[in-house]
1. Of all helices (runs of 4 or more DSSP H) completely enclosed by segment 5-110, which ones contain at least 2 residues that are of a type outside the set (Asp, Glu) and surrounded by 16 or more Cβ atoms within 10 Å (Cβ to Cβ)?
2. Residue pairs, Cβ under 8 Å, 6 or more apart or interchain, first in segment 37-49 and farther than 21 Å from Gln84 by Cβ, second surrounded by 15 or more Cβ atoms within 10 Å (Cβ to Cβ). List them.
3. Hey, among Gly21, Gly35, which residue is over 15 Å from the mean Cα position of the chain (by Cα) and either of a type outside the set (A, V, I, L, M) or under 19 Å from Ser107 (Cβ atoms) (or both)?
Amino acid sequence: MSKFDEKVAAYEASLEKIDKGGDKELLRKVAKGLGPSIYNNDSNKVACSDKAELKRVVDNFCKKKLGMTDEAKAMEAVQSVCKQYVDRSKHRAVFYYLVVKELGMESHYG
């Protein structure tokens, strides 16, 4: 099993707690889109308690990656995911997957 597959397996286990019938293929695509950052223990996590971190998610993921223009809607989705994903250690790939689902932008990873 490759390192990527090991990471995805961990993400799938984490996702199972929140979204039992989660789209594993979409999760895999989101993880792949994150590139090498998934292997770094610090950049691999999202801290909902850090307002600057949430702003970075909106700016760098929602706006740049997904092409969103409505910053308020993006921040609302990010905050909603923070409420859903209550694990202390929030995997960035799972967090971004949930944001994509929250915004209904699955087709971006089509």
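1. Values: elements: 24-33, 51-56, 71-84, 92-103.
Fully inside segment 5-110 and qualifying: 24-33, 71-84, 92-103.
2. Qualifying pairs under 8 Å: Ser37/Asn44; Ser37/Arg92; Tyr39/Lys7; Ser43/Arg92.
3. Details: Gly35 fails: over 15 Å from the mean Cα position of the chain (by Cα).
Going through Gly21, Gly35 in turn, just one is over 15 Å from the mean Cα position of the chain (by Cα) and either of a type outside the set (A, V, I, L, M) or under 19 Å from Ser107 (Cβ atoms) (or both): Gly21.
Bear in mind these aren't lab numbers, they're just calculated from the coordinates by the rules spelled out. Everything quoted here is computed from the prediction, not taken from an experiment. Counting neighbours? That spans all protein chains shown, and the Cβs are built from the backbone with ideal geometry, glycine included.
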